[in-house]
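Participant: Can you read through this structure? Questions will come right after.
Derivation of every value follows stated rules applied to the coordinates shown; laboratory data play no part. Keep in mind that this is a model prediction, so the values were computed, not measured. FYI the Cβ positions are ideal-geometry reconstructions off the backbone, even for glycines, and counts take in every protein chain you see.
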Amino acid sequence: MVEYAGDYDWRGEGEEAEVVLYATGEEVANAAFGRVAPITGLPGIEGPVYAAASSEGLGWVASASHAAPDLLSIPERGLLLVADVPAESVGMPPTGITNLVLRDLGEAGLQLPSLNEAGARRVCEEGARAAAEDGFIEEEELGSLRPADGYADALGRRALATGPADWEGRTGLYVAVVAEVLDTEGAETLDLERGMLALVVRAGAGDLGRLALSAHRERILGRIRVGADFGAQDNLPAAPAETEEAADLVAAVAAAANFADGRAARALYALRRILGDVTGGLSLRAAWRVGGIEDRAGSLVHRRGLAVVGEGEVLVSGGSVAVGTGKMFGSAPPFGAPEDDGSHPWEAAGVLERWADLDPTEGRA
């Protein structure tokens with residue numbers, strides 16, 4: 001059970017650490033606590049465990065001396081793109097833009113180079129840098145898409161073999177209009193104004209990431225079952241940070257994150273080909289990662305469903321362009337939360353600050 005601490009903040013005692021849970025109501029908080037509490041039994045856990053929950057999603061972040069594949073989600077890259085002309089000049093609503101993309105995406109994809117396994121390996125190690133070398137994005141955009149320290153061999157042959165098919169898989173797209181600017185100074189740093197057409201892209205690591213996580217889970221579990229002194233149990237396989245098993249998991253997840261970056265860059269290139277004449281061009285204004293595992297001075301930070309955003313870093317959360325405050329080990333929920341009398345739970349809880357709201361008239365693909 002959880003206790004109310006104020007401003008959508010709930011607290012509960014787990015096995016070895018406290019859970020700090022940001023939720024939209026007591027029922028949601030209690031249901032989320034039931035799913036998060038087992039995390040507090042992770043060896044070497046460094047409390048508290050943070051989580052955010054609403055009817056739209058649940059995410060958590062936990063820091064420990066051990067690496068646990070079950071506690072992180074497959075890396076995903078999010079991009080905020082803004083048209084170079086006002087939305088009213090485009091001549092169609094967000095749903096029209098979405099339909100145009102769906103109609104032409106297959107043709108645009110056929111015009112892009114395919115990827116073989118060697119190419120997948122290159123993307124997993126170089127990330128968006130490989131996409132820039134191939135002309136998918138501009139060199140100056142690499143500052144928003146910095147590669148992780150990934151090692152393709154850590155993924156495993158089976159995971160790498162799925163790379164070519166995953167490369168051309170579908171990405172998420174949300175098309176909207178900037179409806180209101182809430183923080184003029186912040187929005188100016190993104191050159192964001194009311195009435196602009198905005199596109200939010202989501203690209204994940206697909207089966208490549210899923211198979212890699214599964215393989216590392218089985219590897220760690222196998223070591224535990226033959227008597228490795230990892231201090232972990234079968235129900236939550238984990239390996240100490242200093243072990244080869246943990247290092248390989250971190251390298252594999254970083255490689256998957258790079259692959260997601262490459263897929264996001266490919267999607268950006270395709271969207272520019274399709275919408276260039278309609279939008280006058282698309283500018284990359286923000287990029288953020290979701291999920292994965294991060295080594296912070298020997299402590300392994302696991303994120304499931306939460307974005308990696310430090311203080312002042314931008315993401316799109318639900319229907320808002322927002323910045324992180326640095327809470328929750330530099331994390332924030334990329335999913336929304338139902339509003340209660342105009343309030344915004346994640347903002348009220350101090351997890352993020354909104355700079356602008358996007359028009360709720362959705363165009364999704």
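Participant: Considering only DSSP beta bridges whose two residues both sit in the chain, what percent are antiparallel, to the nearest 5?
Facilitator: Of all bridge pairs located within the chain, approximately 95 percent are antiparallel.
Participant: Continuing with this model, one more query. With a 10 Å Cβ neighbour count serving as the proxy for reagent exposure, in which order, fewest first, do Met1, Met92, Met328, Met196 appear?
Facilitator: Met1, Met92, Met196, Met328
Participant: Specify which labelled value, from [x] 0.99; [y] 1.05; [z] 1.11, agrees with Cα Rg over 2.2 N^0.38 Å derived from the coordinates of the model shown.
Facilitator: Identified label for the calculated read-out: [x].
Participant: Percent relative contact order of segment 69-364, based on C-alpha pairs within less than 8 angstrom and at least six residues apart?
Facilitator: Reported as a whole number, the value is 30 percent.
Participant: So what are the ³J(HN,Hα) numbers for segment 280-293, from phi and the Karplus equation (6.51, -1.76, 1.60; θ = phi - 60°), rounded to whole Hz, Gly and Pro as x?
Facilitator: Residue by residue, segment 280-293 yields x, x, 10, 9, 7, 9, 7, 8, 8, 9, 10, x, x, 9 Hz.
Participant: Between Val226 and Glu26, with labels modelled 7 Å along Cα→Cβ, what's the label distance in nm to one decimal, could you check?
Facilitator: Spacing of the two 7 Å Cα→Cβ label points: 5.2 nm.
Participant: Please identify the DSSP H helices in the chain that span no less than 20 Å along the helix axis (Cα) and have a mean Kyte-Doolittle hydropathy of 0.0 or more.
Facilitator: 94-110, 244-279
Participant: What does the net charge come to around Ser89 if you take all other residues with beta carbon closer than 15 Å to its beta carbon, with K and R at +1 and D and E at -1?
Facilitator: Neighbour charge sum, excluding Ser89 itself: -3.
Participant: Full extension from Arg210 to Arg158: what is 0.36 nm times the residue separation minus their Cα-Cα distance, to one decimal in nm?
Facilitator: Result: 17.6 nm gained on full extension.
Participant: If you rank Leu221, Leu352 by fewest surrounding Cβ atoms within 10 Å, what's the result?
Facilitator: The order, fewest Cβ neighbours first, is Leu221, Leu352.
Participant: Alpha carbon centre of segment 122-174 versus segment 221-262: separation in Å?
Facilitator: 22
Participant: With n ≥ 4 as the cut-off for DSSP H runs, can you work out [θ] at 222 nm for the chain, using -39500 (n - 2.57) per run divided by the number of residues, rounded to the nearest 500?
Facilitator: Only helices count here, giving -10500 deg cm²/dmol.
Participant: Same structure again: Taking the simple approach of a point 7 Å from Cα along Cα-to-Cβ for both Arg146 and Glu3, what is their distance in nm?
Facilitator: My value for the distance between the label points is 4.0 nm.
Participant: Please rank Ser343, Ser144, fewest neighbouring Cβ atoms within 10 Å first, as an exposure proxy.
Facilitator: By the 10 Å Cβ count, ascending: Ser343, Ser144.
Participant: Ok, one more. Remind me, what semi-axes does segment 241-365 give for its equivalent ellipsoid, largest first in whole Å, using sqrt of 5 times each Cα gyration tensor eigenvalue?
Facilitator: Three semi-axes, in Å: 28, 23, 11.
Participant: Using Cα-only point scatterers and the Debye equation, what is log10 of I(q)/I(0) for segment 81-204 at each q in 0.14, 0.17, 0.23 Å⁻¹, rounded to two decimals?
Facilitator: Reported log10 I(q)/I(0), two decimals: -0.80, -1.05, -1.36.
Participant: With the dipole of the chain worked out from charges on the C-beta (+1 for Lys and Arg, -1 for Asp and Glu) around the Cα centre, which of Ser73, Pro93, Ala349 lies farthest toward the positive end?
Facilitator: Ser73
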